[in-house]
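Some notes on the structure that comes next.
Rule-based calculations on the coordinates, nothing more; no lab input. Note that this is a predicted model, so its numbers are computed, not measured. Quick reminder, even Gly has a Cβ in these numbers, built from the backbone with ideal geometry, and neighbours come from all protein chains shown.
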Amino acid sequence: MTPLAALLVRDMRIAVRVGGGALMGVLFFLVVVTLTPFAIGPDLLLLKRIGPAILWLAALLASLLALDRLFAGDHDDGSLDLILMGRAPLELVVAVKGIAHWLTTGLPLVICAPLVGLLLNLDLPAEAALMLTLLVGTPALTFIGLIGAAIAVTLRRGGLLLAVIVLPLTVPALIFGVAAANAAIAGPAPFGTPFTILCALTLASLVVGPFAAAAALRQEIE
Amino acid sequence: MRLTAVELACHRGGRGVFSGVSFAVASGELLTVSGRNGAGKSSLLRMIVGLVRIAAGTLTLEGGDSELSIAEQAHYLGHQDALKGSLSVAENLRFWAGFYGLSSTDIRNPLEAIGLGALAALPAAYLSAGQRRRLSIARLVAVPRPIWLLDEPTSTLDAAAQERLADLMRAHLAGGGLIVAASHGPIGLASTQELRLGEAEA
């Protein structure tokens, strides 16, 4: 097994086992979205109008939930020291940890979204459009979050700092993700324009995130 | 293979920890580092693998693989065990073997060598402190790397495990490896050289 494949398998195993973050993220997402109709009431048109925004906000917070332990866990038990002594470049190590995090936290949200979308009065085409925006947009949330996770690595309770650093950076993805979903549901603006920008934001974060996070880790580890 | 340090200095948190530390260790040699608490034993070991910045001086390795850094040819056994409690003993060891580039690993032998063979399927969270230490040592056996940096290797180990560790160290030295060990007490085999830190300042 190559070093990076070994790391991917390990991180995914840890995430899905007891105490891992995978189940926590999905449950949080389901609970938040399920509570929304109870809070807002049976106004079907209103629910349909704010549905994409609620789902996107819940996905954003759920994917941040387990992120603060991404590097801190490895730092606390000394694994990070040994990872730095491996032959794999730190940038790729960080990217692989991000991929493992997305596969265990982001992807389940995308799969669950149509189920809870029913509660928000979304019909089938709207569900499909929303799923597509989440599928494309959630990797951006994870990879932007990597930077915050790396900066907060040595802090005991880094979760709050992580949220403060990361949430403002996720605003563009949030705007264009919700805009694309709304365009597909209500119109009249075209779906393509915001969706293309969302794709671009994700691609940029896939490149910038690992480099920035690796640089932050190198500074912190001293 | 020869690891040479010339006039190394270390600063931590704006404070000078040690300076003017020089040594040379060759294949088959064991260097023990001693000194009072805070003298910089751990910092010296971490400095060798690049986890602490070298404030002054040089550190060179002759006769190693010139494509690789010193850290990539070294094992570091620190105070922390680098184990994940939710993974089994075998999964923990197999990860480090895979991450350090072994494609197919026989983890049976390293675990037997350190006396953990019967616990391979147990989650690491249930291990005692000494057993966790032994699992870390199994990593050194599973992945061949010529330089071993051991920080208090015998702490938490019982007499039988200390004896096993001494055997493993002897075998490593006989196979052409070199060891730098930081320790307060005897570690079970005679050292070739000794380095005392913190004498000058004290």
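What to note about this one:
- Length-normalised contact order of segment B:59-202 in % [C-alpha pairs under 8 Å, at least 6 apart]: 26 percent
- Axis angle, to the nearest 10 degrees, between helix A:171-185 and the longest C-alpha principal axis of chain A: 30 degrees.
- DSSP bridge analysis restricted to the protein assembly as shown gives an antiparallel fraction near 45%, rounded to the nearest 5.
- Legend: ranking of residues A:Trp102, B:Trp96 from fewest to most surrounding C-beta atoms inside 10 Å; resulting order A:Trp102, B:Trp96.
- Rounded to 10°, Cα long-axis angle of helix B:89-99 versus longest principal axis of chain B: 50 degrees
- Interatomic Cα distance distribution for chain A, bins of 5 angstrom, percent: 1, 7, 15, 19, 19, 15, 10, 7, 4, 2, 1, 0
- Comparing mean-square fluctuations of B:Pro153, B:Pro110, B:Pro123 from a GNM of chain B with C-alpha springs under 10 Å, the top value falls on B:Pro123.
- Alpha-carbon centroid distance for the pair segment A:71-134 / segment A:1-38, whole angstrom: 8 Å
- Relative contact order (%) - chain A, alpha-carbon pairs under 8 angstrom, separation at least six: 26 percent
- Residues B:His79, A:His75, ranked from the fewest to the most other C-beta atoms within 10 Å, line up as B:His79, A:His75.
- Over the protein assembly as shown, the ratio between the Cα radius of gyration and 2.2 N^0.38 Å evaluates to 1.16.
- Number of partner chain Cβ atoms within 10 Å, mean per residue of A:78-91: 6
- Applying D = kT/(6 pi eta Rh) to segment A:65-137, where Rh is the Kirkwood radius over alpha-carbon pairs, T corresponds to 4 °C and eta to 1.567 mPa s, the Stokes-Einstein value obtained is 89 µm²/s.
- In order along segment B:149-162, phi translates into HN-Hα couplings of 10, 10, 9, 6, x, 8, 5, 6, 8, 7, 4, 5, 5, 4 Hz, rounded to whole numbers, per the Karplus curve 6.51 cos²θ - 1.76 cosθ + 1.60 with θ = phi - 60° and x for Gly and Pro.
- Beta bridges per DSSP, both residues in segment B:2-196: antiparallel share near 45 percent.
- Percent of C-alpha pairs per 10 Å bin, segment B:2-196, short to long: 9, 36, 36, 17, 2
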